[in-house]
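The structure under discussion appears below in the form of structure tokens.
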Amino acid sequence: MVNFFHWFRSASPGTGAAAGGGRPSAVAAVVPIRSLGTAHRARILEHLLALDDRDRYLRFGYVATDEQVQRYVDRLNFERDELFGVFNRKLHLIAMAHLAFSVDPEFNSCAEFGVSVSKAARGRGFGGRLFERAVLHARNEGVLMLFIHALSENTAMLHIAAKAGALIERDGSESEAHLRLLPADFDSRVAELVDHHVALTDYHLKAQARQFWGLLSRLQDRRQTTSGEV
Ligand SMILES: CC(C)(COP(=O)(O)OP(=O)(O)OC[C@H]1O[C@@H](n2cnc3c(N)ncnc32)[C@H](O)[C@@H]1OP(=O)(O)O)[C@@H](O)C(=O)NCCC(=O)NCCS
């Protein structure tokens, strides 16, 4: 399955940044990215609250207070929008993206992308991969234009957008980037299906490993208690 996935990513030009017309991604490793749902609301909140003031400023365009972050999370609409996450072995949400579809029917071929990666997990390709994943999903949902609002000082985010072929317009401290997407095709649909299954399998394996470690440590505790009684 994973081999097929590797093959597919490198063979298909429509699966990554090239979907927007840029050059194909050089990311070689598989980053399992799964869709998030209401059940993940608490983890999303935990992830966002852990961002410091500077990161909240870069993510939201202002230094969001804890209450504002809470309100943002409470209002997430998992039916309309798509949220993606990367989990570590302990199932902590270390990176997430929000693909927000236009609420205005006049602009129903437009969507906006927002992302955050935990400080300790930066520079490992998660931000870029989340962007590629969002592009893929957006294409398959009929989105033709993806918007990214970033501060001009946000070189990492602007780099990700520019690399995918986005047009960037700077206006003082703020920048608007938009990426024209190719229409969905067979490759983009299969690539998303594969991504989805790889991520689910990865998540369930991590969950099982955690449960098994829990079982082992309970057994260990019991053994210690029993040997103490002897
Ligand atoms: C922006 C952010 C998501 C990037 O996440 P990341 O996982 O560190 O990014 P990646 O590792 O995928 O790097 C993507 C690319 O940006 C480049 N990059 C990373 N940091 C950079 C920086 N400070 N300046 C310039 N380029 C940078 C990487 O080299 C990589 O380029 P490559 O693919 O050509 O090698 C992360 O810094 C973050 O969460 N910032 C706070 C919130 C935010 O700014 N969100 C964006 C606004 S919505």
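Quick one: G125 ticks every box in (1) surrounded by 22 or more Cβ atoms within 10 Å (Cβ to Cβ); (2) within 15 Å of the ligand (Cβ to nearest atom) bar one, so which box is it?
(1)
Is at least one residue of the range 92-109 without any contact (Cβ under 8 Å) to a residue 60 or more places away in the chain, of a type in the set (A, V, I, L, M) and over 20 Å from V198 (Cβ atoms)?
The answer is yes, given that some residue of the range 92-109 is without any contact (Cβ under 8 Å) to a residue 60 or more places away in the chain, of a type in the set (A, V, I, L, M) and over 20 Å from V198 (Cβ atoms).
Which count do you get for residues in the range 80-94 that are in contact with a helix residue (DSSP H, G or I) (Cβ under 9 Å, 6 or more places away or on another chain) and under 24 Å from E141 (Cα atoms)?
Counting residues in the range 80-94 that are in contact with a helix residue (DSSP H, G or I) (Cβ under 9 Å, 6 or more places away or on another chain) and under 24 Å from E141 (Cα atoms) gives 5.
For the range 128-151, how many residues meet the condition of being buried (at least 20 other Cβ atoms within 10 Å of the Cβ) and near the ligand (Cβ under 9 Å from one of its atoms)?
6
State all residues of the range 84-119 that are at pLDDT below 95 and of a type in the set (F, W, Y); if no residue qualifies, say none.
Within the range 84-119, F107 is the sole residue that qualifies.
Determine which single condition R54 fails, assuming it passes every other condition in (1) free of Cβ contacts under 8 Å to residues at least 24 places away in the same chain; (2) in a loop (DSSP other than H, G, I, E, B); (3) within 13 Å of the ligand (Cβ to nearest atom).
It fails just one condition, (2).
Filter the range 105-118 down to the residues that are more than 8 Å from the ligand (Cβ to nearest atom) and either under 21 Å from Y57 (Cβ atoms) or surrounded by 16 or more Cβ atoms within 10 Å (Cβ to Cβ) (or both) and list them by number.
C110, A111, E112
List pairs: first in the range 111-129 and in contact (Cβ under 8 Å) with a residue 60 or more places away in the chain and of a type outside the set (S, T, Y), second surrounded by 18 or more Cβ atoms within 10 Å (Cβ to Cβ) and in a strand (DSSP E or B), Cβ under 6 Å, 6+ apart or cross-chain?
F126/V86; F126/A95; F126/V117
The values are calculated or read from the model by the stated rules, or taken from the named source; none is laboratory data. No experiment lies behind these values; they were computed from the predicted model shown. Glycine gets a Cβ as well: all are built from the backbone with ideal geometry, and neighbour counts include every protein chain shown.
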